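Note sheet for the following structure.
The values are calculated or read from the model by the stated rules, or taken from the named source; none is laboratory data. The structure displayed is predicted, hence computed values, not measured ones. As a convention, Cβ positions derive from the backbone with ideal geometry for all residues, glycine included, and neighbour counts pool all protein chains shown.
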Amino acid sequence: MRDWSIYNADTVLNGKDKDGNRLVLEFSKDFRERMGYNLDISCPKCFRNDFDKFLNKNNMSTKNKSSFKLKPMYNGIALGFGSKVFLSDDNITDELAEKFVKEHPKGLGLFSEYPQPKKEAEKKVNKKNA
């Protein structure tokens with residue numbers, strides 16, 4: 001399988017490889033194998049959405065697991081107003097989550113699991129030792 005993360009959706013949809021073969025045909029085979037359903041290449045918007053889903057699913061296994069986990073109702077929330085980045089348990093990193101907690105009014109209330117702040121953890125350790 002080709003590394004599709006080096007391409008953008010428009011390049012795959014309209015481009016060709018060095019042998020003159022359409023990239024979209026090769027991608028559709030890989031997509032069907034990985035995702036389990038056929039790709040709709042006649043609709044550019046649908047193709048872009050499916051392309052992003054494919055990349056996110058393939059990157060899940062290689063990314064580090066975050067110690068933050070969103071509550072189910074907030075899965076897919078935008079990183080900020082007008083942002084094209086949507087957070088989910090599949091793509092969230094600790095850095096993105098920390099930025100999101102600082103900027104969003106509900107902060108940690110959006111997460112079902114999150115790391116304990118260092119100051120509170122130190123206080124608990126000190127209380128146990130006292």
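Some points to look at:
- Lone unmet requirement of (1) surrounded by 11 or more Cβ atoms within 10 Å (Cβ to Cβ); (2) part of a helix (DSSP H, G or I) for Arg2: (2)
- Residue that is modelled with the lowest pLDDT [pool: residues in the stretch 72-85 that are surrounded by 14 or more Cβ atoms within 10 Å (Cβ to Cβ) and not polar (S, T, N, Q)]: Leu79
- Members of the stretch 12-24 found to be assigned to a helix (DSSP H, G or I) and surrounded by 14 or more Cβ atoms within 10 Å (Cβ to Cβ), listed by number: Val12, Leu13, Leu23, Val24
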